[in-house]
Amino acid sequence: GAVVSQHPSRVICKSGTSVKIECRSLDFQATTMFWYRQFPKQSLMLMATSNEGSKATYEQGVEKDKFLINHASLTLSTLTVTSAHPEDSSFYICSARVRTVTGSQETQYFGPGTRLLVL
Amino acid sequence: KQEVTQIPAALSVPEGENLVLNCSFTDSAIYNLQWFRQDPGKGLTSLLLIQSSQREQTSGRLNASLDKSSGRSTLYIAASQPGDSATYLCAVQYNFNKFYFGSGTKLNVKP
């Protein structure tokens, strides 16, 4: 099946610094990638939808100036948490949507996640 | 507002037992419903995908059912094994994009 990777898998940073998380589709082209956030004992919540070559669409309540998303190619999307604070500590998961050859079905594949801890 | 609820939040069973995980959703106009498995600190593994026109899907010891009219889905695990221990997430899609996730059922299968 299709593989989505994330880097880094775990990051610890000081409050006020910026952190970049990469999401890559390894063996397919993803026109759309999605970024989710999961706080402890809570559901995954969609943060933003990222289309290659265009601006990301953010969900209500997600600050676009704080969570910068760049989808520069069909295999790479990045999420930058700017001026991170302890409340940004969470598990960030990306997913990538792949279109089948016939174009009749679209499936999302999820990355392994990045655990961010802001001290 | 679309909401997805999973019951129970946690479940502990002895090895070999059959079990059922429940998922309910408020808006029945779904595109599809998917069950995932999440191991601690890991990403999601897709287990079963049920299209809106389908009633159930089976894969090995897993069977998922979908009743759109009542807004419910169940995941049946037969002959549970310790390796099945994980958090099981139900997710509903209403279009190509957004998944609405439940908060999960944490399953512990005791040897």
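Taking A:THR114 as meeting all but one of (1) closer than 18 Å to B:SER46 by Cβ; (2) crowded, with 21+ Cβ neighbours inside 10 Å; (3) touching a Phe, Trp or Tyr at 6+ places or on another chain (Cβ under 6 Å), write down the number of the exception.
(1)
Give me the residue from the range B:88-111 that is in contact (Cβ under 8 Å) with a residue 12 or more places away in the chain and not in a strand (DSSP E or B) and, out of that set, most open to solvent (accessible area, probe 1.4 Å).
By that ranking, first place goes to B:PRO111.
Given the residues A:SER15, A:SER9, which is the only one that is open to solvent by 50 Å² or more (accessible area, probe 1.4 Å) and touching a helix residue (DSSP H, G or I) at 6+ places or on another chain (Cβ under 8 Å)?
Working: A:SER9 fails: touching a helix residue (DSSP H, G or I) at 6+ places or on another chain (Cβ under 8 Å).
Answer to the check: A:SER15.
Name the single residue that is surrounded by the most Cβ atoms within 10 Å (Cβ to Cβ) among those in the range B:12-32 being at pLDDT below 95 and either away from chain A (no Cβ under 13 Å) or assigned to a strand (DSSP E or B) (or both).
The extreme case among them is B:ILE30.
Just give me the residues in the range A:2-35 being under 17 Å from B:ALA91 (Cβ atoms) and modelled with pLDDT under 95, in sequence order.
Within the range A:2-35, A:VAL4, A:THR32, A:MET33, A:PHE34 qualify.
Given the residues A:THR75, A:THR80, A:THR31, which is the only one that is in contact (Cβ under 8 Å) with a residue 12 or more places away in the chain, open to solvent by less than 30 Å² (accessible area, probe 1.4 Å), out of contact with any helix residue (DSSP H, G or I) (no Cβ under 7 Å at 6 or more places or on another chain) and of a type in the set (S, T, N, Q)?
Only one candidate qualifies: A:THR80.
Residues of the range A:36-56 being farther than 19 Å from B:ALA91 by Cβ and open to solvent by 50 Å² or more (accessible area, probe 1.4 Å), which ones?
If the condition is that a residue be farther than 19 Å from B:ALA91 by Cβ and open to solvent by 50 Å² or more (accessible area, probe 1.4 Å), then A:ASN51, A:GLU52, A:GLY53, A:SER54, A:LYS55 are the ones that fit.
Check off (1) exposed (fewer than 12 other Cβ atoms within 10 Å of the Cβ); (2) away from chain B (no Cβ under 12 Å); (3) modelled with pLDDT of 90 or more for A:GLN60 and give me the number that stays unchecked.
All conditions are met except number (2).
Go through the range B:39-87 and report how many residues are outside any strand (DSSP E or B), on the phi < 0 side of the Ramachandran plot and open to solvent by 70 Å² or more (accessible area, probe 1.4 Å).
Step one: filter the range B:39-87 for residues outside any strand (DSSP E or B), giving B:39-43, B:52-55, B:60-61, B:68-71, B:78-85.
With on the phi < 0 side of the Ramachandran plot added as a condition, the list becomes B:39-40, B:42-43, B:52-55, B:61, B:68-70, B:78, B:80-85.
Checking which are open to solvent by 70 Å² or more (accessible area, probe 1.4 Å) leaves us with B:40, B:42, B:53, B:55, B:61, B:68-69, B:81.
Final tally of qualifying residues: 8.
The values are calculated or read from the model by the stated rules, or taken from the named source; none is laboratory data. Note that the structure is a prediction, hence the values are computed from the model and not measured. Here the Cβ is made from the backbone with ideal geometry for all residues, glycine too, and neighbour counts use every protein chain on show. Only protein heavy atoms, including side chains, enter the accessible area calculation; ligands, DNA and RNA are left aside. Shrake-Rupley method; radii C 1.70, N 1.55, O 1.52, S 1.80 Å.
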